[in-house]
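The values are calculated or read from the model by the stated rules, or taken from the named source; none is laboratory data. Source: prediction; values computed, not measured. Neighbour counts are summed over all protein chains in view; Cβ atoms, including those assigned to glycine, are modelled from backbone coordinates with ideal geometry.
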Amino acid sequence: MENTESTKELESLDIAKMCVQTCEDTKEQDILLFDVRERQSMVAEYYIVCSGTSMPHIRAIADHVKKTLVEAGLRPRGADGDPESRWMVLDYGLVLVHILEPEMRNFYQLEELWDESKVIYRSTPVKPASNFSGR
């Protein structure tokens, strides 16, 4: 007989929170989590948009998210892009994770697809290094 506790499916918000935590663990920058459940035309319920600092960083973030979710019993339905494209997306059904270099993120402005009220989590953006030269 199957144990229902161990096979209980994770809710989409739980998956989104796991993705956000994993991105934070890999020093991801400027993470936004959007709750777009009200928009029935949308493909997913939650969108995560975050920035990686370089191609190796983007790869590391994507690999870490995939590994963490595989350990929780989840595999992406799909993935697109690669670190060389400076943008990757991982599709976990009702949760999509977009990992972009800051330049690509600025160009595509995914955040503009939804209004500010849809943001349910925002990490503290990394401030650029100061050019303060002292006295």
I need a count of the residues in the stretch 25-52 that are in contact with a strand residue (DSSP E or B) (Cβ under 7 Å, 6 or more places away or on another chain) and under 18 Å from residue 123 (Cβ atoms). 15
Number of positions in the stretch 96-115 that are over 15 Å from residue 80 (Cβ atoms), surrounded by 14 or more Cβ atoms within 10 Å (Cβ to Cβ) and within 15 Å of the chain's Cα centre (by Cα): 4
Residues within the stretch 48-106 that are farther than 14 Å from residue 31 by Cα and in a loop (DSSP other than H, G, I, E, B), tallied: 11
Starting from the stretch 83-99, take each residue that is of a type in the set (Phe, Trp, Tyr) and list its partners that are surrounded by fewer than 19 Cβ atoms within 10 Å (Cβ to Cβ) and assigned to a strand (DSSP E or B), counting only C-beta distances under 8 angstrom and pairs at least six apart or across chains. 87/81
Please go through the stretch 1-46 and give me each residue that is basic (Lys, Arg) and either assigned to a helix (DSSP H, G or I) or modelled with pLDDT of 95 or more (or both), ordered by number. 17
